[in-house]
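Notes follow once the structure below has been shown.
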Amino acid sequence: MKINTHDNFVVVKENSNDLENFVFLLKPLLSFQLKDKNLIIDLLDNKLMSLKDLLLFQNISDAYKVANKSFVIVNDALNANSLPEEIIVVPTLQEAEDMIEIEEIERELEF
C-alpha cells in the first residue's frame with residue numbers, strides 16, 4: 001500500500017490484487033491516520049475488479065459520508081452502468097481530484 005498526501009486529500013494505492021486484505025489493512029488507517037482526510041483509493045492496476053470487489057468498500061464509503069468527507073475509488077475496469085450509487089467510482093485520478101473539489105464546494109455551500 002502506498003500513501004500520498006496532498007493539500008485536501010490522500011491517495012492510497014493498492015499494490016496487490018488481494019482487495020480483501022487491502023481493505024483489512026486500510027481500516028485501521030482510516031480510524032486514526034486518515035480519518036479527517038478526503039480519500040482516493042487508486043485501484044487502476046486492478047484490471048479484473050468486479051462489483052463484488054467494489055462492495056468490499058461499501059462500509060468505508062458509508063462512514064466517510066457520515067463524517068462529511070469524500071471517498072472516491074479510481075478504476076477503469078468496472079462497467080459504469082453496473083455501479084451502485086452509494087460508492088463513487090471514476091476512471092482517472094484527475095476525475096477523482098475533481099470530484100473531491102466539487103464535493104468540498106458543495107459542503108461549503110451546504111448542499
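None of the figures in this text is laboratory data; all of them are computed from the coordinates on show. All values reported here derive from a predicted model rather than from experimental measurement. Cβ atoms come from the backbone with ideal geometry, glycine included; neighbour counts cover every protein chain shown.
Assorted remarks:
- Contact order normalised by residue count of the chain, Cα under 8 Å, 6+ apart, percent: 23 percent
- Stretch gain in nm, segment residue 66-residue 47, where the contour uses 0.36 nm per residue and the Cα spacing is subtracted: 3.9 nm
- Taking the DSSP bridge list for the stretch 2-108 and keeping only pairs wholly inside it, about 25 percent are antiparallel.
- Mean Kyte hydropathy of -1.0 or more with a Cα span along the axis of at least 15 Å, helices from DSSP in the chain: 19-31, 93-108
- The C-alpha atoms of the chain occupy a region whose extents along the principal axes are 38, 32, 23 Å, arranged from largest to smallest.
- Potential extension, residue 110-residue 85 segment - 0.36 nm per residue separation minus Cα distance: 7.0 nm
- Take the Cα of residue 95, step 7 Å toward its Cβ, do the same at residue 56, and the gap between the two points is 2.2 nm.
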